[in-house]
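Below: the structure, in structure tokens.
The values are calculated or read from the model by the stated rules, or taken from the named source; none is laboratory data. This is a predicted model, so every value here is computed, not measured. Cβ: placed from backbone, ideal geometry, glycine included. Neighbour counts: every protein chain shown. Areas reflect the complete protein model, heavy atoms only, side chains present, ligands, DNA and RNA absent. Shrake-Rupley method; radii C 1.70, N 1.55, O 1.52, S 1.80 Å.
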Amino acid sequence: MTTTTQSASSSGARHTTAKRSKAAKRENRTGWAFMAPFAILFAFVFILPIFWAIYSSFFRQVSEGGGAYGGGSLVNKFVGLQNFQYVTTSSAFWSGTGRVLLYTLIQVPLMIVSALALAMLLDSFIVKHVTTFRLGYFLPYAIPGVVAAIIWVYLYNGQISPLVKGLAALGINVDFFANNILLASMANITTWTFTGYNMLIFLAALQAIPHDLYEAARIDGANGFQIAMKIKLPNVRGAALLAMLLSIVGTIQLFNEPQIMQTADPGISKSYTPMMMALNTSQGTLTPGGDGPASAIAIVMALIAGVLATIYALVERKVNAE
């Protein structure tokens with residue numbers, strides 16, 4: 001009797017396990033089915049272009065079949081690492097990279113501090129109608145980057161800009177396209193566009209802090225400033241890391257602002273930033289031209305962005321651990 005009971009129990013357990021296994025497999029298939037459209041689209045618009053860029057970076061367009069008087073046709077020829085040698089030894093590339101790094105040092109801290117200040121202001125009890133202010137701060141991010149750059153180029157143009165004319169009426173003559181403030185003019189556009197986006201990252205982190213901590217701090221006699229410094233700031237470090245990493249990676253790809261401002265300021269060269277250099281190289285307006293050298297520029301800049309992001313993440317982790 002005991003043996004029979006044990007056999008029945010064992011059979012029932014196996015049957016239950018088999019049912020669970022089938023249910024788990026069915027759930028997995030359902031999950032993959034829902035994820036498949038995104039995975040396919042992600043592969044086509046992100047993964048495949050990366051592999052194609054790496055493949056293209058080993059080729060360069062050369063002329064073949066021409067006689068003594070030129071001619072011939074352009075063909076892609078495997079050149080190994082020559083495109084990367086060209087990039088790493090190009091003074092124009094490193095000058096553009098230096099401008100971008102200087103731009104990053106100025107713009108990113110300014111934007112992150114501004115976004116954090118706005119988020120803490122909205123999270124306080126000072127501001128009413130938070131939704132209206134939150135939407136207003138975020139609205140510039142909803143404007144396409146090219147359109148935002150066009151708007152600010154209009155505001156920077158000394159001949160038609162109401163901003164420049166208004167400052168001139170106050171006795172302040174400003175040339176936003178002057179060489180010494182050109183990067184600051186670009187930084188203003190980026191800061192205006194992306195501060196609201198980063199503010200939402202900080203605001204989400206602030207609203208996730210348990211309110212019990214605030215109540216306990218007030219019972220202990222802490223004022224609003226002490227709560228902000230001792231409770232809020234330490235709890236948004238993760239959000240600050242995310243915002244900084246996204247900002248560093250995005251700023252390294254500086255393109256829209258100088259490309260649009262070039263229409264009003266011909267002094268901005270075709271290699272003013274590495275991304276502008278990559279575009280003009282691919283279009284053949286810089287030598288050597290073609291997709292190969294342009295892909296090499298993009299890959300080197302991606303490596304630089306990755307190194308900078310990694311350095312910041314390690315430094316931030318070390319500082320927080322102390």
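Selection of first residues in the range 252-272 that are open to solvent by 50 Å² or more (accessible area, probe 1.4 Å) and of second residues that are at pLDDT below 90 and not in a helix (DSSP H, G or I), restricted to Cβ pairs under 7 Å at least 6 apart or on distinct chains, gives the following pairs, ordered by first then second residue: 270/285; 270/286.
Just one residue in the set 98, 145, 136 is exposed (fewer than 12 other Cβ atoms within 10 Å of the Cβ) and closer than 30 Å to residue 295 by Cβ; that residue is 98.
Residues of the range 274-314 that are more than 14 Å from residue 93 (Cβ to Cβ), open to solvent by 80 Å² or more (accessible area, probe 1.4 Å) and in a helix (DSSP H, G or I): 291, 307, 311, 314.
Put simply, of 114, 73 the only residue that is open to solvent by less than 70 Å² (accessible area, probe 1.4 Å), under 22 Å from residue 286 (Cβ atoms) and not hydrophobic (A, V, I, L, M, F, W, C) is 73. Could you run through the range 137-181 and say how many residues are among the hydroxyl-bearing types (Ser, Thr, Tyr) and modelled with pLDDT of 90 or more? Adding up the residues that qualify gives 3.
Would you check if residue 227 is aliphatic (A, V, I, L, M), closer than 17 Å to residue 103 by Cα and either assigned to a helix (DSSP H, G or I) or open to solvent by less than 80 Å² (accessible area, probe 1.4 Å) (or both)? In short, no. Among the residues making up the range 148-182, those that are open to solvent by 30 Å² or more (accessible area, probe 1.4 Å), assigned to a helix (DSSP H, G or I) and either among the β-branched types (Val, Ile, Thr) or under 19 Å from residue 259 (Cα atoms) (or both) are 150, 151, 152, 154, 155.
Of the residues making up the range 201-219, at least one is of a type in the set (Phe, Trp, Tyr) and under 30 Å from the mean Cα position of the chain (by Cα).
Answer yes or no as to whether residue 153 is more than 24 Å from residue 164 (Cα to Cα) and touching a helix residue (DSSP H, G or I) at 6+ places or on another chain (Cβ under 7 Å).
It is false that residue 153 is more than 24 Å from residue 164 (Cα to Cα) and touching a helix residue (DSSP H, G or I) at 6+ places or on another chain (Cβ under 7 Å).
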